[in-house]
Amino acid sequence: MIIRLESWDGDNVFTIYGEGEGDRGVYLLEDPVGLIDAPLSTTWQQSTYGVGARMTGVTYEPRDIHLPLGVVCDSSPEGWRRLDSILRQAFSENHDSRLTVTTENGTRHLNVRLFDTPQMNNKHDPAKEGFASTIFNLRAGNPMWQGDKEVITWDFTGKNFYD
């Protein structure tokens with residue numbers, strides 16, 4: 001599996017996980033939240049004298065993702081600051097950035113926006129250390145991973161057709 005992050009303006013792409021990870025000095029760290037399953041809630045109706053309940057609907061809420069990213073650049077403090085700045089500018093609260101996952105089953109993407117203030121672990125001066133971890137709080141308005149449309153063709157003979 002390969003995970004890439006594309007900046008909202010399309011100018012920067014970071015391979016953050018899998019083959020080629022860290023190609024630009026940015027890595028996906030442990031414990032990301034919200035990447036796998038879309039959030040959902042169901043509603044149920046119970047009758048007064050009935051047994052159990054029946055489901056009346058399902059709602060898919062926006063997906064909130066807490067994406068922990070590490071920025072590594074030990075060449076110089078200025079180099080680390082520049083890389084960290086480029087990564088931070090990849091996200092916008094007004095425009096969609098894109099997370100893309102490629103597996104043996106194909107490629108899917110999720111459009112995300114900056115939802116809340118990033119949280120940086122700054123116990124040490126990251127420029128001196130050449131490393132910092134930051135959790136980026138993102139929201140996907142459409143919580144479903146999307147891929148290329150699959151086209152299925154068939155011939156209609158006009159026989160045995162219902163509806």
Sum -39500 (n - 2.57) across every DSSP H segment of at least 4 residues in the chain, then divide by the residue count to get the 222 nm mean residue ellipticity, nearest 500.
-> -3000 deg cm²/dmol
In this structure, the FRET efficiency calculated for V151 and R88 from their beta-carbon separation, with R0 = 22 Å, to the nearest 0.05, is 0.05
If we count every other residue with Cβ under 15 angstrom of N121's Cβ, Lys/Arg +1 and Asp/Glu -1, where does the sum land?
-> -2
Remind me, relative contact order of the chain in percent, using alpha carbon pairs under 8 angstrom and six or more residues apart?
-> 24 percent
Quarter of the surface of the C-alpha convex hull for the chain, i.e. direction-averaged projected area in nm², equals 16.6 nm²
Send over a whole-number figure in Å² for the accessible area per residue of the stretch 1-143, probe 1.4 Å.
-> 61 Å²
If you place +1 on the Cβ of every Lys and Arg, -1 on the Cβ of every Asp and Glu, and leave all else neutral, what size is the dipole of the chain about its Cα centre, to the nearest 20 Debye?
-> 380 debye
Ignoring any ligand, DNA or RNA, what whole percent of the accessible area of the chain comes from carbon and sulfur when the probe is 1.4 angstrom?
-> 47 percent
Working from Cα positions, state the angle (0 to 90°, nearest 10) between the long axis of helix 77-89 and the longest principal axis of the chain.
-> 20 degrees
Area of Y17 that stays accessible when all protein chains are in place (1.4 Å probe, Å², to 10) = 100 Å²
GNM on the chain, C-alpha springs below 10 Å: top fluctuator among V33, V72, V112?
-> V33
Pick out which of V13, V51, V26 has the largest mean-square fluctuation in a Gaussian network model of the chain, springs linking Cα atoms closer than 10 Å.
-> V51
Roughly how many whole Å is it from the C-alpha centroid of the stretch 103-163 to that of the stretch 14-90?
-> 8 Å
Qualifying GluC sites (Glu not before Pro) in the stretch 9-76, DSSP loop, other Cβ atoms within 10 Å at most 10 | E19, E30
Considering only protein heavy atoms, with the full assembly of protein chains and a 1.4 angstrom probe, order E61, E104 by accessible area, largest first.
-> E104, E61
Name the residue, out of D96, D23, D31, whose mean-square fluctuation peaks in a Gaussian network model built on the chain with Cα pairs under 10 Å.
-> D31
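The values are calculated or read from the model by the stated rules, or taken from the named source; none is laboratory data. Note that the structure is a prediction, hence the values are computed from the model and not measured. Positions of Cβ are backbone-derived with ideal geometry, glycine not excepted, and every protein chain shown enters the neighbour counts. Heads up: the accessible areas ignore ligands, DNA and RNA and are worked out on the full protein's heavy atoms, side chains in. Shrake-Rupley method; radii C 1.70, N 1.55, O 1.52, S 1.80 Å.
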